[in-house]
Amino acid sequence: MDTVDVLVVGAGLAGLRTATLLAQQGHDVLLAERRPGLAGAIRTTGIFVRRTLDDFPLPAECLGPPIRRVVLYPPGLGGPVTLVSERDEYRVGDMAPIYVKAAAAAADVGVRIMLGTRYNGRQGQIHTLVGRTGTSRVRARFVVGADGARSRVARDLGLDRNRHLLIGAEEVYEIPGGEEPPTFHCVLDPSLAPGYLAWVVNDGRHAHVGTAGYANRFPDGLRRALERFASAAPGLEGVQRPDGSDAIERRGGPIPVGGLLRRISCADGVLVGDAAGAVSPLTAGGLDPCLRLSELAADVLDEALRSGRKDALTHFDGAALRSRFRGRLAMRWGLDRVRTPAVAAAALALLRTTLGQAAARRVLFGDRSFPTTP
Ligand SMILES: Cc1cc2nc3c(=O)[nH]c(=O)nc-3n(C[C@H](O)[C@H](O)[C@H](O)COP(=O)(O)OP(=O)(O)OC[C@H]3O[C@@H](n4cnc5c(N)ncnc54)[C@H](O)[C@@H]3O)c2cc1C
């Protein structure tokens, strides 16, 4: 049986980051990912906010042009509100090469990566992995659940699990550069995106057309909502949607919006990224939180491995960090209540006021990222 210091389950950005940091600190790390390759089955639009771009080494050649302009629309798309920042706010990542490069960097520092390998349970320190060649067992001192919003590791460790989830879906295709500056279009319409927003990101290279909301509140299902939205989405004037489905990449998945979970560690391991609920409850952005929480996780695991004291993991306390989410949770509560077109139109009207615009600018351009201290 293989024996390692840490088994990381899931090679999204959270798992890759945690595994890399631990291996850099000299620990023996095995990373198991059920997808056969990291360039497929992508579950994110890949919008990186300014603070992430400032603080993390993302490969510049994999980032789209900077976006400064956000346009917010009511149902029916009439009378949108445009907000323009004085600085670059977002860039959309080309996610397939970003994951592949992050995996190569992890392997370079010694992480052993097993693709096409599903974590399938644990008994004490013995973890079961099911791969192409059958079932194997790995003894690990600690396990990291980086296995996404519906984490099996969280369940097996008896930790908290995400209960408040949106589901999202989008289509992505290449576009020729147009006249419009790179723009993020957001539509507040509960029939298309119940409890959230429908979006178009047009950065002059790719169009991302998507929607997300509560699964049980889409009037005719998520897929149909996306079709309806895509047929009349804003921000794509003059853009020809490709005919053949080969030219359109489809992405989708659950998004936890209940805020960081309280119990994200125990003596045997920790949760990071979506598994820990590390997503902004309001914007549903999870890329910055998953990178920041992974750094905290790697620090406490390093301490536990070096000192041999499992109680070092109690410092990885979701309840303490969660208190910093109060404002965002309150705004999520408000967004949940936008249930009719009339309420959505009224909310948009507020954004035409000075106060409303200031609030929107704080959310969209505010540099508020994931809190890393309670
Ligand atoms: C449609 C959509 C659009 C989004 N857009 C944005 C955005 O633009 N900007 C932003 O900041 N956030 C966005 N988010 C949220 C963001 O993508 C996530 O918060 C972030 O990617 C989470 O990373 P992660 O590593 O925790 O999880 P994931 O990227 O989901 O990785 C989890 C990995 O674990 C693997 N796995 C699961 N179970 C097992 C198992 N049993 N064994 C082995 N492997 C397993 C999965 O295959 C997956 O690779 C979006 C989410 C969705 C659904």
Note on region 20-65: residues in contact (Cβ under 8 Å) with a residue 60 or more places away in the chain, away from the ligand (no atom under 11 Å from the Cβ) and touching a Gly at 6+ places or on another chain (Cβ under 8 Å) are ALA23, ASP28, VAL29, GLY64, PRO65
Qualifying positions in region 232-266 - surrounded by fewer than 11 Cβ atoms within 10 Å (Cβ to Cβ) and modelled with pLDDT of 95 or more
none
Please verify whether region 1-15 includes one or more residues that are of a type in the set (A, V, I, L, M), out of contact with any His (no Cβ under 7 Å at 6 or more places or on another chain) and surrounded by fewer than 24 Cβ atoms within 10 Å (Cβ to Cβ).
yes
Consider only pairs whose beta carbons are under 7 Å apart and that are at least six residues apart or on different chains; among these, list those whose first residue lies in region 91-111 and is on the phi > 0 side of the Ramachandran plot and whose second residue is not charged (D, E, K, R).
GLY110/ALA23
Residues that are within 16 Å of the ligand (Cβ to nearest atom), more than 19 Å from TYR90 (Cα to Cα) and without any contact (Cβ under 8 Å) to a residue 24 or more places away in the chain: does region 173-193 have at least one?
no
Could you check region 318-348 and list, in sequence order, the residues that are in a helix (DSSP H, G or I) and either more than 22 Å from ALA212 (Cα to Cα) or among the hydroxyl-bearing types (Ser, Thr, Tyr) (or both)?
GLY318, ALA319, ALA320, LEU321, ARG322, SER323, ARG324, ARG326
Suppose we filter GLY124, GLY79 for residues that are surrounded by fewer than 15 Cβ atoms within 10 Å (Cβ to Cβ), of a type in the set (Gly, Ala, Ser), modelled with pLDDT under 95 and within 24 Å of SER265 (Cβ to Cβ); which single one remains?
GLY124
Enumeration of residues in region 242-295 that are hydroxyl-bearing (Ser, Thr, Tyr), touching a residue at least 24 places away in the same chain (Cβ under 8 Å) and either within 12 Å of the ligand (Cβ to nearest atom) or not in a strand (DSSP E or B) (or both)
SER280, THR283, SER294
Within region 298-346, of all residues that are of a type in the set (S, T, N, Q) and touching a residue at least 40 places away in the same chain (Cβ under 8 Å), the one nearest to ARG263 (Cα to Cα) is THR314
Determine whether region 26-48 contains at least one residue that is surrounded by fewer than 22 Cβ atoms within 10 Å (Cβ to Cβ), hydrophobic (A, V, I, L, M, F, W, C) and in contact with a Ser or Thr (Cβ under 9 Å, 6 or more places away or on another chain).
no
For strands (runs of 3 or more DSSP E) lying entirely in region 81-157, having 1 or more residues that are closer than 30 Å to GLY258 by Cα and away from the ligand (no atom under 11 Å from the Cβ) picks out 81-84, 118-123, 134-145
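The values are calculated or read from the model by the stated rules, or taken from the named source; none is laboratory data. These numbers come from a predicted model, not from an experiment. So basically every Cβ, Gly included, is an ideal-geometry build from the backbone, and we count neighbours across all protein chains shown.
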